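Written out below as C-alpha cells is the structure these notes cover.
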Amino acid sequence: MNQLTELTAVKKRVQSIDILRGVVMIIMALDHVRDFFHVDAFQGDPLNPATTTPILYFTRWITHFCAPTFVFLAGTSAYLVGLRKSKADLSSFLIKRGLWLIMIEVLVITLALTFNPLYNAIILQVIWAIGISMVFLGLAVRLPYKVIFAIGALVVLGHNLLDYPEAARNQDVPFIWDLLHNGRFDTYTYAPNRVLIIAYSFIPWMGIMFMGYCAGKLFEATVDSHKRKMTLLFLGAGLFTLFVALRLLNEYGNPFPWTPQHTTLASFFSFMNVQKYPPSLMYACATLGPALMVLALIEHVRNRFTDFAKVFGRVPFFYYVIHFYVIHLLTVIAFYIEGYGTKDIVGQTPFLFRPLQFGYPLWVVYIIWAALIIGLYPLCKWYNKYKATHSQWWLSYL
C-alpha cells in the first residue's frame, strides 16, 4: 500500500474516538496491575469508605470509566463500520466477531488471567460481555434505528428494576439469571474440579453498546462538527446530572444506597461508590456522562499525549490481550524474586503465582503500570502500522 492510500485509511478513522479509547485502555491497565501487584488487592474493597485511602480509592474509581466507555465506543464503531457495509454484511460481521470474542475470552484471556493450562476456572468478563452484546447487536442492526435506540434506552434505564427481586432472594438467583443480569463473580461447578466464574452479566452491557451504536449517527460525515460537539456536551452533562439527582434521591438506579460517613470525604466516597457488577444506571451515568463530554472536547485536540494515546486506541483488542500476558509474566518473575516456591503456585485464588499475601505498596504499582505502558507502546505502534498497510481478512478480528 503506498503512502497516499495509507493516509487515506488513517483519515477514515474518527480521531477523537481513537484517542478516548486509548486513554481508557491506558487507565484500564492500572487496575489490572493493581490486581496482580498490590499487597491489599485481595484483602479488602478499595472503595469501602471506612477502610480505603484517598489514593487507593482514586486508583480504583478512575478505572470505572474504562469498561462502559469501551463498550459504548464499540457500539459507535459498529455503526461507523455499517456506513461502509450493507445491513446484511454488518449483521454477519458483528455476529461472527462477537462469537470470536467469546471464544477468545474463554481460551485466551482466561489463560492470561489464570496461567492455568488445565482451565480449572473459566472467567467470563468484559470480552465475553462485549462479544455476546455484539452478537445481539448483529441481530438488531436490521431493525429501524429508533427501535434499536428504544431497546438500548429501555435496558440502561430499566434493568435496575431487577435489583428488587435479586435483593429479595439475597442474590441467590439461577444460573441463567446470573448470566443475564446479576453477575457478581458467582462460581458454578460444571464438571469435577471445573468452575465457571461470571464476572460480567451481559444484558446491562448490551444496553450500553446499543446506545453507543445509536450515538454513531453523530459521527456521520454530514453532521456539522460544532453541532456534534454541542450535542455530546449536552448529553454528557445531562447524564451526569441524572446521576447526581438519582444519587440524592437514593431510591432507584443503584442497588445499594449511599450513607453519611464519619467525615465529609468519606461521605463523598460513599456517594460516588456505584455498582459496576452489573453496571447500574447510576454507574453508567457517572462514567459515560464525563466520557461523552471529553469526547466532545478532544475532537480537534492534537498534541504528543493524544498521539500517544491514539496508538493504543487503534489496536485496543491486540493491546488488551497482550497486556494481560505481560502483567502475569511479570507477576511470575516477582513471585520467584520474593522467595515463593512451587508449593505457593496454586493458592486461594484462580490466578496461579498470585498468593493472597503477595504484593507491594501502591507506589510500586504505579511504577509497574507506567513501565508496562511505555514498554507496550512500540509493539502497539508497530501493529497499528501493520494494520494500516495490510488488508488480510483476519486483521478486522484482532
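The values are calculated or read from the model by the stated rules, or taken from the named source; none is laboratory data. Since we're looking at a predicted model, the values are computed, not measured. As a convention, Cβ positions derive from the backbone with ideal geometry for all residues, glycine included, and neighbour counts pool all protein chains shown.
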When the range 232-251 is checked residue by residue, the ones that are crowded, with 17+ Cβ neighbours inside 10 Å and either outside any helix (DSSP H, G or I) or touching a residue at least 60 places away in the same chain (Cβ under 8 Å) (or both) are LEU232, GLY236
Evaluate the following for ALA140: is it in contact (Cβ under 8 Å) with a residue 60 or more places away in the chain, exposed (fewer than 14 other Cβ atoms within 10 Å of the Cβ) and more than 21 Å from the chain's Cα centre (by Cα)? no
inquiry  = Given the condition modelled with pLDDT of 95 or more, more than 23 Å from the chain's Cα centre (by Cα) and either on the phi > 0 side of the Ramachandran plot or surrounded by 14 or more Cβ atoms within 10 Å (Cβ to Cβ) (or both), answer yes or no: does some residue in the range 363-374 qualify?
reply    = yes
Within the range 325-344, restricting to residues that are among the aliphatic types (A, V, I, L, M) and in contact with a helix residue (DSSP H, G or I) (Cβ under 8 Å, 6 or more places away or on another chain), the one that is farthest from LEU111 (Cα to Cα) is ALA334
Of the residues in the range 62-81, those that are free of Cβ contacts under 8 Å to residues at least 60 places away in the same chain and in contact with a Leu (Cβ under 7 Å, 6 or more places away or on another chain) come to THR63, VAL81
Selection over the range 114-129 where residues are in a helix (DSSP H, G or I) and of a type in the set (S, T, N, Q) yields a count of 1
When restricted to ALA286, ALA291, ALA221, the only residue more than 23 Å from ILE55 (Cα to Cα) and not acidic (Asp, Glu) is ALA221
### Message
Going residue by residue through the range 285-293, is there one that turns out to be within 30 Å of GLY359 (Cβ to Cβ), surrounded by fewer than 18 Cβ atoms within 10 Å (Cβ to Cβ) and of a type in the set (A, V, I, L, M, F, W, C)?
### Response
no
Within the range 167-219, residues assigned to a helix (DSSP H, G or I) and polar (S, T, N, Q) come out as ASN182
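Here is a yes/no grid of residues against (1) within 27 Å of GLY131 (Cα to Cα); (2) in contact (Cβ under 8 Å) with a residue 24 or more places away in the chain; (3) part of a loop (DSSP other than H, G, I, E, B):
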| site | (1), (2), (3) |
| --- | --- |
| TYR366 | no, yes, no |
| ALA371 | no, no, no |
| GLY375 | no, yes, no |
| LEU379 | yes, yes, no |
| TRP382 | yes, no, no |
| SER391 | yes, yes, yes |
| LEU395 | yes, no, no |
